[in-house]
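Report on one structure; see the data block that follows.
Here, each number is a calculation from the coordinates, and none is a lab measurement. These numbers were taken from a predicted model, which means no experiment stands behind them. Heads up, the Cβs are rebuilt from the backbone with ideal geometry, glycines too, and the neighbour counts pull from every protein chain shown.
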Amino acid sequence: MALMRLDKFISNQTGMSRSEAREVLKSLRVTVNGVTEKHYDYKVDTDKDAVTVNGVSVSYNEYLYILMNKPKGVLTATEDKRQKTVLDLLSDDVRRKDMAPVGRLDKDTTGLLLLTDDGKTAHKIISPKSMVEKEYVAELDGDITEDCIRSFSEGVTLADGTKCMPVVLKRIKENVASITICEGKYHQIKRMFGTAGLGVNGLTRIRIGGLCLPECLAEGEYMVLESREELLEKISLNG
Ligand code: URA
């Protein structure tokens, strides 16, 4: 049995602030197991009590796992004074305290981005030790040469002397390639292509481990995954 104060439960699970949660309680818009409850310090059993707010059932998830198709022009950050962040794209019911992107994509990069309030799992996914593959499609401002493919497969050295692990570069069109990396160095893909004299005109992440960007998800849209287990299984990481 896991007990939690009712105002905390409502605030954690709906994204309402603690004072908004107390307000809905005061105005008799909350039920627990079918009975109206107005006391903010009522202890909810998160394993079995059924809570509704404004007539809508509020189920209990300790953590949320979100899969987003990040659009261009949005920062991978939790907040910014001037610019829109990926957190701004979430609706209130999933924008929980501690929700944060898992790793980062550049402002002009699109595609698969995970967000969660489960810091431990996020760390596991981005840890270099986990060696999770990340696949991108890159559109370049010139043609991809055999030399470029060979040097990527041997591991390129960036302009500042940083050595990258060998990667698989597959040509899709003359100037479009799929590239799979296990590391996450700052601007890694753009800097790697830079060593071959190529600029990146467009970059989309399409896969993390075994988790592919769903075709049904338009840019800016997201979906909530069932559980940590579902996420780790899709990525092919052990719990
Ligand atoms: N590499 C980059 O250069 N940019 C990204 O957004 C991700 C990987």
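Worth pointing out:
- Value of relative contact order over the range 16-66, rounded to a whole percent, pairs C-alpha under 8 Å and six or more apart: 30
- Computed [θ] at 222 nm, deg cm²/dmol, the chain (DSSP H ≥ 4; -39,500 (n - 2.57); rounded to nearest 500): -5500 deg cm²/dmol
- Ranked by the mean number of other Cβ atoms within 10 Å of their residues, highest first, the peptides 171-179, 32-40 fall in the order 171-179, 32-40.
- Estimated FRET transfer efficiency when R0 is 22 angstrom, pair Arg150-Asn201 (beta carbons, to 0.05): 0.45
- Gain on full stretching of the segment that runs from His123 to Asp93 - 0.36 nm per residue minus C-alpha separation: 8.4 nm
- Remark: relative contact order (the chain) = 19 percent; criterion is Cα-Cα distance under 8 angstrom and separation of 6 or more residues.
- When you restrict to C-alpha pairs under 8 Å that are six or more residues apart and normalise by the size of the range 127-192, the relative contact order lands at 41 percent.
- Three-way shape label, the range 1-53, alpha-carbon gyration tensor, a/c 1.5: oblate
- Qualifying chymotrypsin sites (Phe, Trp or Tyr not before Pro) for the range 115-192 [loop in DSSP, other Cβ within 10 Å: at most 14]: Tyr186
- Oblate is the label for the range 109-152, because the ratio a/c of its alpha-carbon gyration tensor axes (a ≥ b ≥ c) is 1.5 or higher and a/b is not greater than b/c.
- Segments 64-74, 94-104 sorted - mean Cβ within 10 Å per residue, highest first: 64-74, 94-104
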